[in-house]
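Report on the structure given below.
The values are calculated or read from the model by the stated rules, or taken from the named source; none is laboratory data. Worth saying up front: this structure is predicted, and the values here are computed from it rather than measured. In this analysis, Cβ positions are derived from the backbone assuming ideal geometry, glycine residues included, and neighbour counts consider all displayed protein chains. For accessibility, only protein heavy atoms count, side chains too; no ligands or nucleic acids. Shrake-Rupley method; radii C 1.70, N 1.55, O 1.52, S 1.80 Å.
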Amino acid sequence: KYKNSLLSTERKTVIKNELIQYFDTEKPYLNPDLNMHKLSVDLNIPKYQLTEVLNTEIEMNFFQFVNTYRIESAKKALLTKSKYFSIEAIGYDCGFNSKSSFYTTFKKLAGQTPLQYMNSMES
């Protein structure tokens, strides 16, 4: 798909590093309204370049990448905030728009439900 890419290897690496640093420091994935357009504007990188880097360098699409960060955030929150917040509230707090998308994504990426994850970490 990207055989005729105009991005050099160096540029792809720079974009990948900028993207990861932005996600690690600014945590845009916590915004449930995050989309490719907003990310493109925030990073000042064209959408097609972000898409190419995600697909070729990170080997995920936009939603997979964002959800990976959301689930890692949820895992931490489940271990530290579950005394104070419901599992659903933690899912919303980590950027998910619905309980079902949170549970489905969590099970897909973590291999267990949020409750099973919490129970496995306690024992």
Looking at Thr9, Tyr22, Phe85, which one has the Cα that reaches farthest to the positive end of the dipole of segment 7-123 (charges on Cβ: Lys, Arg +1; Asp, Glu -1)? Phe85
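Taking only Cα atoms of segment 34-123, what ratio of Rg to Rh do you get with Rh as the Kirkwood inverse-distance radius? Numbers along the way, then the final one.
Working: Rg = 14.8 Å, Rh = 14.1 Å.
So for segment 34-123, dividing Rg by the Kirkwood Rh gives 1.05.
Could you pull out the pairs from Lys3/Lys27; Lys27/Lys75; Lys47/Lys108; Lys38/Lys83; Lys16/Lys47 whose alpha carbons sit more than 24 Å apart here?
Numbers: Lys3/Lys27 32 Å; Lys27/Lys75 15 Å; Lys47/Lys108 27 Å; Lys38/Lys83 34 Å; Lys16/Lys47 13 Å.
Beyond 24 Å between Cα atoms: Lys3/Lys27; Lys47/Lys108; Lys38/Lys83.
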For Ser120 and Asn61, what is the calculated FRET efficiency with R₀ set at 35 Å and r taken between the beta-carbons, to the nearest 0.05? 0.75
Given Cα pairs under 8 Å that are at least 6 residues apart, what percent is the relative contact order of segment 1-64? 36 percent
So, with a 1.4 angstrom probe, what is the percent of accessible area on the chain that is carbon and sulfur? 52 percent
To the nearest Å², the heavy-atom accessible area per residue of the chain with 1.4 Å probe amounts to 62 Å²
Roughly what would the spin-label model give for Ser101 and Tyr48, points 7 Å off Cα along C-beta, in nm? 2.7 nm
Express the relative contact order of the chain as a whole percentage, based on alpha carbon pairs under 8 Å and six or more residues apart in sequence. 23 percent
